[in-house]
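Q: Structure provided below as structure tokens; questions to follow.
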Amino acid sequence: MKMLSAVLHQRMRPRAWWLLPAVALLLGGIGWGVYAIYQKREQRYRHQIESSLQAVNQLQLRAASDWRARRQSEAVALSQDSLFAQAVARWRAAGSPDGEVLLRERLRILVEQQRYTAAYLVDAQGRLLLDSEGVATGGLPGPEQEALQRALAQAQPEIVELHRDPSFAFPVLGLLAPLFDGSTPLGAVWLVIDARTALFPLLETWPDHSSTTESVLVQREGDAVVTLSPLRLRSEEREPLRLPLAEGGRDPMALAAEGVRGAFYASDYRGQDVLAVASAAPDAPWLLVSKIDVAEAFTDAQRREWLMLSLFVSLGLLSLGSAVVFWQWRAWRRERALKGELERNLRWLENAQKAASVGYFLYDAGDEAFIMSRMASTIFGLPADGRMTLRQWVSMLHPDERAQTLQIHGRAMAQRTLLRTQYRIRRAGDAQERWIEVWGEYSQASDAEPLLMTGTVQDITERKQTEEQLTRYRTALEAQVRLDPLTQVANRLALDEAVTHEWSRALREGAALALLMIDVDHFKAYNDYYGHVAGDQCLQRVTVALSSVLGRAGDLLARYGGEEFAVLLPGADAPSALSVALRLEEAVRALALEHRGSECCGNVTVSMGVASLQPAQYAGGDGQARAGVDAAQALFQQADAALYTAKQTGRNRVVLYGADCMAALHPSEWAPLTPARFQ
Ligand SMILES: Nc1nc2c(ncn2[C@@H]2O[C@H](COP(=O)(O)OP(=O)(O)OP(=O)(O)O)[C@@H](O)[C@H]2O)c(=O)[nH]1
């Protein structure tokens, strides 16, 4: 049953073929949507990063420009400090130590309070005169010397742009503030600035913590570019201060020096892809390039995007998963309910089958195998594993019915008609012969599906035996019904049926049919004289005597009622019938049964009326040949009329129906026979 149930489950399972493309379409749509959102967000984020970098760049550039402007203002103020210039002039003229102390104090203030790296007093030829410690020796380096001359000529402070000088271990910015005694040039104050300490704090300020953000101060010098960087990337190799443009390649500093402005993507001296922003200071030859590694800039964004994406995808998958789980759960619940119902039904079916001794089976024509319920297995005498091969089944069929059974099954399979058949099997195991009844129906869902037959099988052996017994009883009963219990010959019912049957046959064959009516004479007197028991015995003996005469097949002796008998002689014409009648009379006479009450003689005698007709020639009042019971009544009436005549004319005689019998008959029953009389 489990196996059967499993097969049914398998065949019941629905096939949701459309589900796969629908899910693929949905996932494709989600993927496309997510990609579009991702693209849009990436663009926006790129824009945000560029804007942020530009803002930082602008702030830092502003700070650097302000710092430069302040230095220039300070230099201008120094140049315009007439007291300081007079003190220099006095010290140069008198060389007093007090004057020197005063000047050194001023230079110390410049270094310590105004944060210059060094401050020198130089003469108009560029020789170093004093610094904050005391007398200085040596002269101005080349660029500073040139700046001094320009400053003195223009009476304006001059900046010596960013450069390296062997005298200093750091990149230097110089400022030369010219000094005049009236209109006489006295020299200048050379303010030395360590570009790192002065500018790096301005360039290192970033709003966010980052390991790759960097702002570089850039200054073009002919075919080279001078750079100043806080070198935040301390793990990297130090960037040279001076970079030939020819070697710049896609370096952001080189690109900026060549005129690229705004945000752009480049590859820096480390070979890293960077996002850079280049801006020019409005009143200086400085450019400020701010850059960040693309990898870092977008890592965050990408991380955020991925987070968003994974969140979105997770949500999508969660929803999809939930939908699938819900759908599966519903399907599972439905399947469980159906399974439960099916199992209940199958249990019920099994119980019903058990109660009715009916088994259920499924025949798979493709596998040539039966899958059977437990009851079906029991009926075929097989173990309850629920399987039987076609070969096993054929071998079980009773040899007498094997060919016919196979033919019936084959026809039902070919025509897909209902199958209902009964046949015998020799049951497996105990080899008992059993009758079974099979009801089945073939079905095939499609050409690709196997041809199946579902059906029931029932062991009907007991029913068959009962039927056979009943048939026997019925036959016996029917025989009893048509048998006279006293004489054990046919009774009137059997006679009537035989007459009707033989009449029809004679009519068909154009043959004659004769009927003899026999009555024991004065039987009442016999009973009265000898008693009823003796009367019964008398009737029995007469019967035996009459039976002994009738040997021809089809002749029938019947007890018509009381002491009256009838003999039906199919095919007998009048002479033949008379001949039989005489022999019958002779047989009774030969019994020589004593009958003291008889008025005829001292023995039992009989009177007989004989009638013979050819039904084909016999015509009724309408001139048509007749058949059936009513027509056959004519034969009875004629025989009866003849018997009546025999009784009336003295008994103990045989009378053939004829003219002298006609008075007893209706004119329409007259027969075309010649009347004759025998005594
Ligand atoms: N013993 C015995 N008597 C029977 C049986 N059937 C009918 N009888 C008797 O048979 C007698 C028939 O009498 P009736 O009909 O007057 O005829 P009958 O005395 O033979 O006179 P006829 O026929 O005119 O010669 C009746 O007394 C019936 O009781 C039977 O089965 N056994």
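Q: Placing unit charges on C-beta atoms (Lys and Arg positive, Asp and Glu negative, everything else neutral), compute the dipole magnitude of the stretch 339-434 about its Cα centre in debye, rounded to 20.
A: That gives the stretch 339-434 a dipole magnitude of about 180 debye.
Q: Given Cβ point charges of +1 (Lys, Arg) and -1 (Asp, Glu) and nothing else, what value in debye, to the nearest 20, does the dipole of the chain about its Cα centre take?
A: On the way: 72 positive and 80 negative charges, 265 e Å.
So the magnitude is around 1280 debye.
Q: Using θ = phi - 60° and the Karplus curve 6.51 cos²θ - 1.76 cosθ + 1.60, what whole-Hz ³J(HN,Hα) does each residue of the stretch 641-652 get, with Gly and Pro shown as x?
A: 5, 5, 5, 4, 4, 4, 5, 5, 9, x, 6, 6
Q: In debye, nearest 20, what is the charge dipole magnitude of the stretch 269-389 about its Cα centre with +1 on Lys and Arg Cβ and -1 on Asp and Glu Cβ, if you could check?
A: 720
Q: Something else: If you line up the long axis of helix 142-154 against the longest principal axis of the chain, both from Cα atoms, how many degrees apart are they, to the nearest 10?
A: For helix 142-154, the angle is close to 70 degrees.
Q: Okay, next question. Considering all projection directions equally, how large on average is the shadow of the alpha-carbon convex hull of the stretch 80-193, in square nanometres?
A: Orientation-averaged projected area of the Cα hull: 6.5 nm².
Q: For helix 532-549, report the angle its Cα long axis makes with the longest principal axis of the Cα atoms of the chain; keep it between 0 and 90° and round to the nearest 10°.
A: Taking the Cα atoms of the chain, the angle to 532-549 is about 80 degrees.
Q: To the nearest 0.05, what FRET efficiency results for E221 and A77 with a Förster distance of 30 Å applied to their C-beta separation?
A: 0.55
Q: To make sure I understand the rule: partners must be aspartates and glutamates, Cα under 17 Å from the Cα of K464, and not fewer than 8 residues away in the same chain. Which ones qualify?
A: The qualifying aspartates and glutamates are D400, E401, E433, E437.
Q: Here's a follow-up. Can you give the extra length, in nm with one decimal, that the chain gains between E133 and L317 once fully stretched, where that is 0.36 nm per residue apart less the Cα-Cα distance?
A: Gain on extension, E133 to L317, equals 58.6 nm.
Q: A further question follows. So what is the 222 nm mean residue ellipticity for the chain from helices alone, if each DSSP H run of at least 4 adds -39500 (n - 2.57) and you divide by all residues, rounding to the nearest 500 deg cm²/dmol? It would help to have the intermediate numbers written out before the result.
A: Numbers: 17 runs with 323 residues, N = 679.
Rounded to the nearest 500, it is -16000 deg cm²/dmol.
Q: Could the peptides 398-407, 68-77 be put in order, highest first, of the mean number of other beta-carbon atoms found within 10 Å of their residues?
A: 68-77, 398-407
Q: Counting every Cα pair in the stretch 357-466, what percent are over 18 Å apart?
A: In whole percent, the long-distance tail amounts to 46.
Q: Take the alpha-carbon centre of the stretch 117-156, take the same for the stretch 304-340, and report the distance between them in whole Å.
A: Here the answer is 83 Å between Cα centres.
Q: List W190, W329, W67, W286 from most exposed to least, where exposure is judged by having the fewest other Cβ atoms within 10 Å.
A: In order of increasing Cβ crowding within 10 Å: W329, W67, W286, W190.
Q: How much length is gained on full extension from S446 to A414, taking 0.36 nm per residue of separation minus their Cα-Cα distance?
A: Contour length minus Cα-Cα distance gives 10.0 nm.
Q: Another question, then. Report the gain in length on full extension from D165 to T475: 0.36 nm times residue separation, minus Cα-Cα distance, nm rounded to one decimal.
A: Residue separation times 0.36 nm, minus the Cα-Cα distance, leaves 97.0 nm.
Q: Now for a separate question. Within 10 Å, count the other beta carbons around each residue, average over each peptide in 496-502, 639-645, 156-162, 205-211, and list them highest first.
A: Going from most to least packed, we get 639-645, 156-162, 496-502, 205-211.
Q: Let me ask something else about it. Tell me which residues come under 5 Å, amide H to amide H, from A119 once H is placed; ignore anything under 5 positions away on its chain.
A: S132, V192
Q: Would you mind getting me the FRET efficiency between R261 and L27? Use the beta-carbon distance for r and R0 = 51 Å, nearest 0.05.
A: Efficiency, from the Cβ-Cβ distance: 0.65.
Q: OK, next. Of Y560, A587, G658, which is farthest towards the positive pole of the chain's charge dipole, taken about the Cα centre with +1 and -1 on the beta-carbons of Lys, Arg and Asp, Glu respectively?
A: A587
Q: So, one more: Per q in 0.09, 0.12 Å⁻¹, report the Debye log10 I(q)/I(0) for the chain, using one uniform scatterer on each alpha carbon and no solvent.
A: Computed log10 I(q)/I(0) values: -0.94, -1.15.
Q: Based on the Cβ-Cβ distance from V544 to E509, what FRET efficiency comes out when R0 is 45 Å, to the nearest 0.05?
A: 0.90
Just so you know, all these numbers are worked out from the coordinates, no wet-lab data involved. Because the structure is predicted, anything quoted here is derived from the model rather than measured. A quick note on method: Cβ atoms are made from the backbone with ideal geometry, for glycine too, and the neighbour counts reach across all protein chains shown.
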